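Right, one structure below, let's go through it.
The values are calculated or read from the model by the stated rules, or taken from the named source; none is laboratory data. These numbers were taken from a predicted model, which means no experiment stands behind them. Methodologically, a virtual Cβ is constructed for each residue, glycine included, from the backbone with ideal geometry; neighbour enumeration extends over all protein chains shown. These area figures cover heavy atoms from the full protein model, side chains too; ligands, DNA and RNA do not enter into them. Shrake-Rupley method; radii C 1.70, N 1.55, O 1.52, S 1.80 Å.
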Amino acid sequence: MTRYESRDGRLRLFCGDSHRLHPITSGSVGVILTSPPYWLRGRGRRSAERYAHDLAVGFGREWKRVLAPDGDLWLVIGDRHDGAEWVGMDALVTGWLRRTGWRLQSRGFWAQTRSRERWDNRVNYLLRFRKVGQVVQPRGSTLCWMLPLPRSHPDSIWDAIPEPVVRTVLEGSKKRGPVLDPFAGAGTVGRVAASLGRKWVGVERDPRMARVTARRLQLRRVRASPPRQPGGGAASPLERRLRRARPDRRRS
């Protein structure tokens, strides 16, 4: 993955597919806060089910690996009317995450006022999950906002989460460990995390958007270390096993 980071190393951005978060150490992340690309209306119920399954299973395995045992997973999920009915995307995603070892702990709502769509006040769910066995004590506050969709960065192709929503979520979540956004977009979560003094790790698949985020957060590109030459150092245990298993085959 192409890597960007701040001068003090507290903000890091990887350009790549967040199905595989191999640069991130297992159990090192305190909070995952992200807004995955929304499901598009008009594709039918079966398509919505596939979306929820792919999110919970395809990405959820890595979320579970990198998140601390008592870490928080926050998803901002949009709901839509598919032309026949409201889909209920929060229930679909929650159901699949529950099957794969997560438990819903809190939920909030951000209703978009002055929505650009034909359905009034499009609803966005804020869903807080923890791993099985890690329970969050109930809070007295209610997570509910009536806010317009914030203007995206001029170079952004994605819409942003309102910063008051991000700030409130982070202030009420686990305080130790960096904040991870596996769908970083234009870096709104990173900006708020930095303002709160939190470390942040972002992953963005689109190279152009990764450059936009790097510019907004003043990150510099980090050159990858040159590959180790044969004989230039001790082999890893995996390499030693491969050499013993295939002594007649050269590494390419």
Mind listing whichever residues of segment 14-47 are in contact (Cβ under 8 Å) with a residue 40 or more places away in the chain and in a helix (DSSP H, G or I)?
-> R45
Within segment 163-182, track down each residue that is in a loop (DSSP other than H, G, I, E, B), open to solvent by 10 Å² or more (accessible area, probe 1.4 Å) and at pLDDT 95 or above.
-> G177, P178
Candidate set: segment 61-80, residues that are within 13 Å of the chain's Cα centre (by Cα) and of a type in the set (D, E); chosen: the one farthest from G172 (Cα to Cα) = E62
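Yes or no: segment 48-70 includes at least one residue that is touching a residue at least 12 places away in the same chain (Cβ under 8 Å) and assigned to a loop (DSSP other than H, G, I, E, B). So that I can check it myself, show each step before the final result.
Our first condition is that a residue be touching a residue at least 12 places away in the same chain (Cβ under 8 Å); within segment 48-70, this holds for 48-49, 51-53, 55-70.
This time we only want the ones that are assigned to a loop (DSSP other than H, G, I, E, B), so: none.
No, there is no match, as no residue in segment 48-70 is touching a residue at least 12 places away in the same chain (Cβ under 8 Å) and assigned to a loop (DSSP other than H, G, I, E, B).
Here is a yes/no grid of residues against (1) open to solvent by less than 50 Å² (accessible area, probe 1.4 Å); (2) part of a helix (DSSP H, G or I); (3) at pLDDT 95 or above:
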| position | (1), (2), (3) |
| --- | --- |
| H153 | no, no, no |
| A160 | yes, no, no |
| A186 | yes, no, no |
| V189 | yes, yes, yes |
| G202 | yes, no, yes |
| R228 | no, no, no |
| A234 | no, no, no |
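Any residue that is modelled with pLDDT of 95 or more, closer than 30 Å to L11 by Cα and open to solvent by less than 20 Å² (accessible area, probe 1.4 Å) - is there at least one of those in segment 33-40? Give the steps one after another, and end with the answer.
From segment 33-40, those modelled with pLDDT of 95 or more are 33-34; that's our starting set.
Next cut, closer than 30 Å to L11 by Cα only: 33-34.
Within this subset, residues satisfying the condition of being open to solvent by less than 20 Å² (accessible area, probe 1.4 Å) are 33-34.
Within segment 33-40, one or more residues are modelled with pLDDT of 95 or more, closer than 30 Å to L11 by Cα and open to solvent by less than 20 Å² (accessible area, probe 1.4 Å).
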